[in-house]
Amino acid sequence: MKPFKLKFLALLLFTITIFSCSNDDDDNAQVIIDFGTAPASSIITTGTVDVITENTVRYHTINFSTEPYTVTLVETENNIVLIDLGPAPAFAAELKTYFDAINKPGTVIITHNHGDHYGGASSFTDLDFYAESVVADQLNNTDDFTSLYSKSVISVSGTQKIGDLTFAFDKVSNAETGENGFIYNEEHLALFSGDLVYNLTHPYIREYTPKDSVDEIDNWIAGLTTLKTNFSNYNHLFVGHNGSRADVGTAIDENINYLQTAKGLIKGTQTLTAGGTATTNQEVIDELELLYPSYKEGGLSLSLPNAFFPGDTGADWF
């Protein structure tokens, strides 16, 4: 073979190699979005803001008040998805200001039919709302909600592309409330548990009715056990009260432990620190506050008589 042919073949082989390597680099290149500076946390005067920035997604968790009521904004390159909206117009006004400061189109997901998760709906009436199918039906037939948001909540069974991300919708029945929706995104290993998981916060256990045939705490623990099995390897757990956790399995175990303790106190299988067993709602609440002194207020006191209105009998525990 003549020398010039050898040189030509060598040059051709070198070019192909370089082109192939270049394509490999392009295929394996990590996409990183420049989200810019997050809105000033000072916008939220009634709570705190935590921001987690990753390559293609940015999470903003906003915790309002001492309970705390948590709203999570999932920001991608082109969109924002708000998970829940907090309890009241006072909070919603600041949430809307924070949302507007990001300046991207938005969508809302509501995890379940409790007012402290949809109370801010009137500030976001121009956005589409989504919920797990049973939860959506509840919301669309709840006067308190429809008075705030006149459009129909879009019902989802299974998965739904919302903005730039695909979310899977599921629920646990007869637990913290009748239907507790939760959402997850497999791409980013993010679980949005609503009120199935509380983060170092006293949960709302008013709807536990131990004298009935359905044991809501047992159902709740069974649901949490399934969540732990399916999502302990996830990177993020965003809860309905008190922000987020990276140690998903540990956070779920904490809730299982709390619920087992609460059930024992209510059923009389666990003694009080001072001795004896509880016979009133107040004694249960006092003991839980004693056993979990660092936990935030949450919804525990809503189990007491007169919690919602004068004459309210409170949780039906005894």
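Read-outs throughout are calculated quantities, based only on the coordinates presented, and are distinct from any laboratory measurement. Only a predicted model underlies this, so the values are computations on that prediction, with no experimental measurement involved. Please note: Cβ atoms are built from the backbone with ideal geometry, for glycine as well, and neighbour counts cover all protein chains shown.
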Report summary line: Here, GluC sites (Glu not before Pro) of region 237-318 satisfying both criteria (DSSP loop; at most 16 other Cβ within 10 Å) are E297
Query - Whole-number D in µm² s⁻¹ for region 102-155, Kirkwood Cα-pair radius fed into Stokes-Einstein, 20 °C, 1.002 mPa s - result: 194
Report task. Note down, for the chain, the three equivalent ellipsoid semi-axes (square root of 5 times each alpha carbon gyration tensor eigenvalue), biggest first, whole angstrom. Result -> 46, 23, 18
Requested in this report: Give me K296, K104 ranked fewest to most by other Cβ atoms within 10 Å of their Cβ, as a rough exposure proxy.
Outcome: K104, K296
Report summary line: Per the helix-only model, the chain has a calculated mean residue ellipticity at 222 nm (DSSP H runs of ≥4, -39500 (n - 2.57) each, divided over all residues, rounded to the nearest 500) of -10000 deg cm²/dmol
Query raised in the report: For T166 and A246 in the same chain, what is the full-extension length gain: residue separation times 0.36 nm, less their Cα-Cα distance, in nm?
Result: 26.7 nm
**Report entry** Theoretical gain in end-to-end length, D312 to D253 [0.36 nm per residue, Cα-Cα removed]
**Finding:** 18.0 nm
**Report entry** In nm, spacing of pseudo-spin labels at K267 and E54 (7 Å Cα→C-beta vector)
**Finding:** 3.8
Query raised in the report: Is the shape of region 178-221 rounded, prolate or oblate, going by the alpha carbon gyration tensor and its root eigenvalues a ≥ b ≥ c, with a/c under 1.5 for rounded and a/b larger than b/c for prolate?
Result: prolate
Report summary line: For the table K104/K161; K228/K263; K96/K171; K263/K296; K171/K267; K171/K228, the rows whose alpha-carbon distance is greater than 22 Å are K96/K171; K171/K267
**Report entry** Sparsely packed trypsin sites (Lys or Arg not before Pro) within region 136-177, loop by DSSP, other Cβ within 10 Å at most 13
**Finding:** K151
Requested in this report: Using a Gaussian network model of the chain whose springs link C-alpha atoms within less than 10 Å, name the residue from D126, D84, D218 with the highest mean-square fluctuation.
Outcome: D126
Report task. Sum up the charges of everything whose Cβ sits under 13 Å from the Cβ of A92, counting Lys and Arg as +1 and Asp and Glu as -1, but leave A92 out. Result -> -3
